[in-house]
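The values are calculated or read from the model by the stated rules, or taken from the named source; none is laboratory data. Keep in mind that this is a model prediction, so the values were computed, not measured. Backbone-built Cβ (ideal geometry, glycine too); neighbour counts: all protein chains shown. We work out accessible area using only protein heavy atoms, side chains counted, and drop any ligands, DNA or RNA first. Shrake-Rupley method; radii C 1.70, N 1.55, O 1.52, S 1.80 Å.
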Amino acid sequence: MGLEFARTALSNGQNVVATARKPAAVVEALGDADNLFAVALDVTDLDSIDAAVKAAKERFGGIDILVNNAGYGIFGALEEITDAETRAIYDTNVFGTMNVTRAALPYLRESEFARIVNIASMGGYSADAGGSLYDTTKFAIVGLTEVLSAELEEFGIQCMVVCPGMIRTNFFDATSLKRASRTLEAYEGSKAHSALEYCLSHNYRQHGDPVKVANLVYNVAMSDKMPLWLPIGKEAVKKLKRKCERMLSETEPYYEASCDTSYSRPTT
């Protein structure tokens, strides 16, 4: 998706700072253009983040739109996933996004057209078995974007979290999707394991078109007013509707009791 975001922005004449651990791979994929600046960036390395953001500022004079897209998935039941695996995915998917945003914000506050676009997932508002790590990192990104929207509104910075469904990318490859390092017999045949098998069996069979997704995200990001949430794809829209309907139906019977948990007002 990052490749298509960059390609779409370039084709529309925008200056693009495309980051990767190996910048040469960016140039190889996108070509060598005056409005493309390929920069080395490891989102788990604070020095790398600061250097990349400063380089972007020096090359193009400022930063208007930040797209946080780095991330990977790991599937398995929570009990099977180690503490080290948990911390590693949070370092990339959550803390990496936070740290890149922190570094970019001084320059975004200087922009007259400032946008932050965080790429989450439909798993960021509706979790599935087997997604105890990936989905919770994306829940964190949804929450982070909501907080940033409230904090940065007074500076004129708009924020949006993009929640795609299944898009035909390399996400289901071993490059982006990992299996828990251990498996427990108790979970054999469980929903947690079937989720991973489903993903692996649908590699490059997802019906979401990454080019269309990139064009949609670009057009929304360039509009006068971005929505705070942007689900993309039929699965994502259906999941959002089901989640909202379930939350309302399951909590409504307890509204009165919930409101009645306050201290009673003293009589006069």
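Observations on the structure shown:
- With Cα atoms defining each centre, the stretch 203-268 and the stretch 1-40 are spaced 32 Å apart in the structure.
- Highest average first, the peptides 66-79, 239-252 ordered by how many other beta carbon atoms sit within 10 Å of their residues are 66-79, 239-252.
- Helix-only mean residue ellipticity at 222 nm for the chain, each DSSP H run of n ≥ 4 adding -39500 (n - 2.57), per residue, nearest 500: -14000 deg cm²/dmol
- Within-14-Å neighbourhood charge of Leu144 [Cβ basis; K, R +1; D, E -1]: 0
- Other residues with beta-carbon under 14 Å from the beta-carbon of Leu46 carry, at +1 per Lys or Arg and -1 per Asp or Glu, a net charge of -3.
- Protein-only accessible surface order, largest first, of Glu185, Glu4 at 1.4 Å: Glu185, Glu4
- Residue-wise HN-Hα couplings along the stretch 92-108, as the Karplus relation 6.51 cos²θ - 1.76 cosθ + 1.60 with θ = phi - 60° gives them from phi, are 7, 6, 10, 5, x, 4, 4, 6, 5, 5, 4, 5, 7, 4, x, 7, 5 Hz; Gly and Pro carry x.
- Volume per residue of the C-alpha convex hull in the stretch 223-268, rounded to whole Å³: 115
- Surface exposure of the chain, expressed per residue as accessible area with a 1.4 Å probe, stands at 57 Å².
- Entry for Rg/Rh (Cα atoms, Kirkwood Rh) (calculated from the structure that is shown) out of [x] 0.95; [y] 0.97; [z] 1.01: [z]
- Note on Thr44: accessible area approximately 70 square angstrom, rounded to 10, probe 1.4 Å, nucleic acids and ligands left out.
- Cα convex hull, the stretch 106-148: 72 Å³ per residue, rounded to a whole number.
- Divided by 2.2 N^0.38 Å, where N counts the residues, the Cα radius of gyration of the stretch 24-170 comes to 1.11.
- Local charge for Arg115 was computed over the other residues whose Cβ lies under 15 Å away, with Lys and Arg +1 and Asp and Glu -1, and equals -4.
- Once you reduce the stretch 70-106 and the stretch 114-131 to the center of their Cα atoms, the two points are 13 Å from each other.
- Carbon plus sulfur fraction of accessible area for the chain, probe 1.4 Å, in percent: 53
- Amide H contacts under 5 Å for Ala18, placed H, 5+ residues apart: Phe37, Ala38, Val39
- Packing rank of 31-39, 133-141, 102-110, where each peptide gets the mean count of other beta carbons within 10 Å, highest leading: 133-141, 102-110, 31-39
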